[in-house]
Amino acid sequence: FDLPKAEILPDLNALLAELDKISVPPLKIVLSGSGKVAHGAREILDHLKIRKVEVDDFLQKDFDVPVYRHIDVMEYNKRRDGGEGTNREFYNHPEKYESDFLRFAHTADFFIAGHFYGQGAPVFFTAKDAKHPDFRIKYIADISCDINGPLASTIRPSTIAEPFYGYDAAEEREVDYREEKAILVMAVD
């Protein structure tokens, strides 16, 4: 796409008008978070007419149109003991939980990280996870931008002037985002 930077547009209506000019390819997008940031991202996905799908469909089906799943904390974490978890318990005792995000990483093309990451919470994916042959995510918009935190690919913040960098999962290092093996990362602090 050839889109202007949002900072040069006068308002939201101008931004939406620019988005109306594009067609999103059939990507599977997973969005995390429940705050204003995630809801703003979801508003844009909805404006683009990207279809929201249920978890099972997202994980098990292929689509010929772009789709997204907005995941809740209990969809990407699970209790270590296999018991039933709750959001409240997770927030108060994150040490009782482990990540269940890889099931999304094995089927999603694009991850929009809009979650709050609290101290002691499980990471979404490690450097080792990103090396797995089934790790499918190729694009990450890490709005949370926790360096060396829940996403192994967020190794530094990007900037508005240079919003993208690449992450080579095999070598665990930054590369040009245009390299074929790179995971494209946008992590503007």
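Mind ranking 167, 139 by accessible surface for me, highest first, 1.4 Å probe?
139, 167
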- Task: For the stretch 40-84, give the percent of accessible area contributed by carbon and sulfur heavy atoms, probe 1.4 Å, rounded to a whole number.
- Result: 41 percent
- Message: How large a share of the accessible area of the stretch 94-189, in percent, is made up of carbon and sulfur atoms when the probe is 1.4 Å and the other protein chains stay in place?
- Response: 52 percent
- Per residue of the chain, what 222 nm ellipticity follows from adding -39500 (n - 2.57) for every DSSP H run with n ≥ 4, rounded to the nearest 500? -5500 deg cm²/dmol
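Under 8 Å for C-alpha pairs, at least 6 residues apart: give me the relative contact order for the stretch 50-150, rounded to a whole percent.
It rounds to 24 percent for the stretch 50-150.
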- Message: With θ taken as phi - 60° and the coefficients 6.51, -1.76 and 1.60, list the Karplus ³J(HN,Hα) couplings across the stretch 165-181 in order, rounded to whole Hz; mark glycine and proline as x.
- Response: 8, x, 10, 8, 5, 5, 9, 6, 8, 6, 9, 5, 5, 7, 5, 4, 7
- Task: From the C-alpha gyration tensor of the stretch 1-86, pull out the three semi-axes of the equivalent ellipsoid (sqrt of 5λ each), sorted largest to smallest, in whole Å.
- Result: 30, 17, 8
- Item | Fully extended contour minus Cα-Cα distance, from residue 136 to residue 63, at 0.36 nm per residue | 24.8 nm
- Note on the structure: Length gained, residue 55-residue 88, 0.36 nm per residue minus C-alpha separation, equals 9.8 nm
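Among the listed pairs 52/128; 28/138; 128/181; 28/52, which have their C-alpha atoms separated by more than 18 angstrom in this model?
Correct reply: 52/128.
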- Query: Just going by the charge dipole of the stretch 46-189, with Lys and Arg at +1 and Asp and Glu at -1 on Cβ, which of 74, 149, 116 is farthest out on the positive end?
  - Reply: 74
- If one compares the long axis through the Cα atoms of helix 36-47 with the longest principal axis of the Cα atoms of the chain, the angle in degrees, nearest 10, works out at 50 degrees
- Message: Per residue, how much accessible surface does the chain expose to a 1.4 Å probe? Answer in Å², no decimals.
- Response: 56 Å²
- For residue 112, list long-range residues whose amide hydrogen, built 1.01 Å from N in the peptide plane, is under 5 Å from its own amide hydrogen. 30, 31, 32, 141
- Note on the structure: Applied in sequence order to the stretch 73-78, the curve 6.51 cos²θ - 1.76 cosθ + 1.60 (Karplus, θ = phi - 60°) yields integer Hz couplings, x standing for Gly and Pro, of 4, 7, 8, 10, 9, 9
- Message: Suppose a student asked you for the relative contact order of the stretch 101-189, using Cα pairs under 8 Å spaced at least 6 residues apart; what percent would you report?
- Response: 29 percent
- What order do 101, 63 take when sorted by accessible area (1.4 Å probe), most exposed first? 63, 101
- Listed by chain and number, the residues whose amide H is under 5 Å from that of residue 68, excluding neighbours fewer than 5 places away on the same chain and using placed H, are 29, 51, 52, 53
- Message: Charges at C-beta only: +1 for Lys and Arg, -1 for Asp and Glu. How large is the resulting dipole of the stretch 109-189 about its Cα centre, in Debye rounded to 20?
- Response: 160 debye
- Query: Normalised by the number of residues in the chain, what is the relative contact order in percent for Cα pairs under 8 Å and 6+ residues apart?
  - Reply: 17 percent
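The values are calculated or read from the model by the stated rules, or taken from the named source; none is laboratory data. Here the structure is a predicted model, which is why all the values come from computation and not from measurement. Glycine gets a Cβ as well: all are built from the backbone with ideal geometry, and neighbour counts include every protein chain shown. What goes into the accessible areas is simple: the full protein's heavy atoms, side chains included, and nothing from ligands, DNA or RNA. Shrake-Rupley method; radii C 1.70, N 1.55, O 1.52, S 1.80 Å.
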